[in-house]
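Student: Got a structure here, written out as structure tokens. Questions coming.
Nothing in this text is a laboratory measurement; each read-out follows from the coordinates by a stated rule. All figures in this text were calculated on a predicted structure; none of them were measured in a lab. As a convention, Cβ positions derive from the backbone with ideal geometry for all residues, glycine included, and neighbour counts pool all protein chains shown.
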Amino acid sequence: MSTLSGTEPRVIVENVVAGYLPGVDILRGCSLSASDGELVGIIGPNGAGKSTLLKSIFGLVPVRSGSVRISGEDVTGARPDKLVQAGLAFVPQNDNVFTPMTVKENLALGTHLEPKRFAERYDRVVATLPELARLARRSAGALSGGERQLVAMGRALMSEPRVLLLDEPSAGLSPVKQDETFLRVHDIRSSGVCVVMVEQNARRCLQVCDRGYVLEQGRDAYEGSGDALLTDPKVIELYLGDLADQVEAEDAAAATRGE
């Protein structure tokens, strides 16, 4: 990979058109950028293309036009394994741990390209996410939803990514567990990693992110700092009201389950 210039963001997505099926576009000209040590949040109604955007960046959804650049290099359409080598990591919302394996074995998978570096990377990741040390010998299948999310983020960090893509890390968690998850994301970002996060909890996402994008029908309808979007009358009227009601209902259900 070439050296990143001093001014260019770490990840640049420009006018991406993408979809799962031929002739059906979920993204219709979507753009974003994110820099080292920056947390960029993506919010929007269901079906807006938020998760599809992350999967397009990570090579899991075909990009029909537009481009994706990481560290100054065009990686549009590259395979996920090549993107990992380029410094990209992706944590999906569901099925993000290998349940028959221990937590430490899950983390080891994050160094499958460089297994000899497991020990040093393990120490570094545990320093950022110290709860992993306590869980190390437990089966991933016996963990709570919040603990699994922690393991998934830890495994992604084991590859030493420059860019971390998170797909709804707080989904299904109680408000307390959501706050813990956002604190972990903040610690990851503070370590210098560029974090791009799709979040269902729109208001909380905008509270913690440096910048945010609001997606609507596969396009970025609004972009700005988290604080600016939180106080934008149009964003509040069109998105934060309905999304907040939905999240409150999901939070109540998660609290009832004790997650």
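Student: Which length gain, in nm to one decimal place, applies between E105 and S225 when the Cα-Cα distance is subtracted from 0.36 nm times their residue separation?
Tutor: Net length gain for the segment: 39.4 nm.
Student: Still on this structure, please answer the following. At 10 °C and 1.306 mPa s, what whole-number value in µm²/s does Stokes-Einstein give for the translational diffusion of the chain, with Rh from the Kirkwood sum over Cα pairs?
Tutor: 85 µm²/s
Student: Which of L109, L165, L39 moves the most in a Gaussian network model of the chain with Cα springs under 10 Å?
Tutor: Fluctuation is largest for L109.
Student: So how much slack lies between I236 and V176, counting 0.36 nm per residue of separation and subtracting their Cα-Cα distance, in nm?
Tutor: 19.2 nm
Student: Which percent, nearest 5, of DSSP beta bridges in the chain are antiparallel?
Tutor: That works out to approximately 55 percent antiparallel.
Student: At what distance in nm do the modelled label points of N46 and E73 sit from each other, each positioned 7 Å from its Cα along Cα→Cβ?
Tutor: The answer from the label model is 3.9 nm.
Student: How far apart, in nm, are the 7 Å Cα→Cβ label points at S35 and Q207?
Tutor: Placing both labels 7 Å beyond Cα along the Cβ direction yields 2.6 nm.
Student: Right, here's the next one. Residues in the stretch 62-89 near a label at A127, defined as backbone nitrogen under 18 Å from the 7 Å Cα→Cβ point?
Tutor: Label zone hits: none.
Student: Show which lysines lie in cross-link reach of K50 when reach means a straight Cα distance below 30 angstrom and same-chain residues fewer than eight apart are skipped.
Tutor: K50 reaches K82, K177, K234.
Student: Now a separate question. Give the value in nm², to one decimal: projected area of the alpha carbon convex hull of the stretch 30-142, averaged over all directions.
Tutor: 8.8 nm²
Student: Just how large is the dipole of the stretch 30-257 about the Cα centre, in debye to the nearest 20, putting +1 at every Lys and Arg Cβ and -1 at every Asp and Glu Cβ?
Tutor: Here the size comes out at about 880 debye.
Student: Let me ask another. Run down the aspartates and glutamates and flag those whose C-alpha is under 14 Å from the C-alpha of K104, throwing out any fewer than 8 positions away in its chain.
Tutor: Hits, sequence-local ones excluded: E120, D123, E131, E147.
Student: Would you work out which of A133, G192, L165 lies farthest towards the positive end of the dipole of the chain? Charges go on Cβ: Lys and Arg +1, Asp and Glu -1.
Tutor: The residue sitting farthest along the positive end of the dipole is A133.
Student: Just want the answer: with Cβ charges of +1 for Lys and Arg and -1 for Asp and Glu, which residue in V84, P9, Q149 is farthest toward the dipole's positive end in the chain?
Tutor: V84
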